[in-house]
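Structure, as C-alpha cells:
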Amino acid sequence: MRIDRLVSILSVLLQKEKVTVSYLAEKFEVSRRTILRDIESLSKAGIPIVTTQGSGGGVSIMENYKLDKTLLSSQDMHSIIAGLQGLDSVSGSNRYRMLMEKLHVDSSTVSTADNRLMINLSGWNKNAFADKIERIFLAMELGRRVSFRYFAASGESERVIEPYHIIFQWSSWYVWGYCMERQDFRLFRLSRMADLKMLDEPMENRAVPAYQQQNHWDMNHPVEATVRFENSVKWRLIDEWGVDRLQYDGNGDIVVTFTWSDLPSLFHFVLSFGDKAEILSPIEYREQFLQILKKMQKKYDI
C-alpha cells in the first residue's frame, strides 16, 4: 500500500499549492513520521519537493513543476468518479479513495450536486460484504485458495475455491472461481457464505475461461407456468419483467406466462405475493401448490 500512498501524495501536491504534514497524515490515516519518510522517498525519486517552516509553511512542489491536465472530459471524469464511489461504498479499505487522488479528484467535491450519477452498492449492511470482499481480493492478489461454509437450497456445505472474479450481478455480490469439490467453475453468493478464510494453499496454474453470465443460472430443471396477479402488485412485476411483458385479462388483472429455474423456487416466488397471485396452469402445479397451502393452514389452525 506504500506505493499507492506515495502516488496519492504526489497527486495531492500537484493539485494544491501547499499542504501541511498534519493534513497529509490525517488524510492518509498514518503518522506524521510516516508522511515525512514518504516525502523523503519522493525527493530521492527526483520530485522537487519544497518544505518551509513556520507560520504558513508546509510541503509543496517546486513552482512550474506540473503535469498536463487530464485528457478526460468532465463527463468522463464524473462517470469514473461514480464508479469509484460505488466500489468505495462496499470497500473495507481506502484503496478507491487513493485511486481518486491519483485521478486528481478532490474528495470534497465527489458528492456534490454536479455529479448526476450516484452509485451505492453497499446494501443495508455494508460490513456484511466489505470484509468478505477485501479477504477475497487479498487471496486473489496472493494467489491463494479460500474456504467457507455455504448455504444453498440443497443444504449446507464446506467449500474450497480458487477465486478469480468478484461480481455484482442480479442486485447481489458474488465470487466466481474454481470449486475444488465440484472440479469446475462455480458462482457463489457472498451473503450465503460464512467463516470465510484465506488458506495457505496456492491456486493452481489452470486455464481460466472467460466469465459468462448466462452460464450460471440454475436452469437444469426449468418450469413454465401461467400466473395471474392482481393489479396492485404491478410495480413488483415491472421490476421483474418490465412494462412490455405484462398482459391483462378482462378484469384488469395481470396474466404472465414465464419460465422459472425450478418448481420450489416458482412456488416461493408466488407465495411472496400472498393472496395477490394465483397459479392458473399447468393444473399439476396448481394442485401441488394447493397442498403446500393446506400444510401451511394446519400450522395456523386453532
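Taken together, the values in this text are just the output of simple stated rules run on the coordinates, not laboratory data. All figures in this text were calculated on a predicted structure; none of them were measured in a lab. Using ideal geometry, Cβ is built from the backbone for each residue, glycine included, and neighbour counts are taken over all protein chains shown.
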Name the residues in the stretch 32-58 that are under 16 Å from ILE3 (Cα atoms) and part of a loop (DSSP other than H, G, I, E, B), would you? ALA45, GLY46, ILE47
Considering (1) out of contact with any Pro (no Cβ under 7 Å at 6 or more places or on another chain); (2) closer than 26 Å to ALA152 by Cβ; (3) in a strand (DSSP E or B); (4) not acidic (Asp, Glu), say which one THR226 fails and leave the rest. (2)
Sort out which residues of the stretch 1-23 are surrounded by 13 or more Cβ atoms within 10 Å (Cβ to Cβ) and in contact with a strand residue (DSSP E or B) (Cβ under 7 Å, 6 or more places away or on another chain), and write them in order of number. VAL12, LEU13, LEU14, LYS18, VAL19, THR20, VAL21
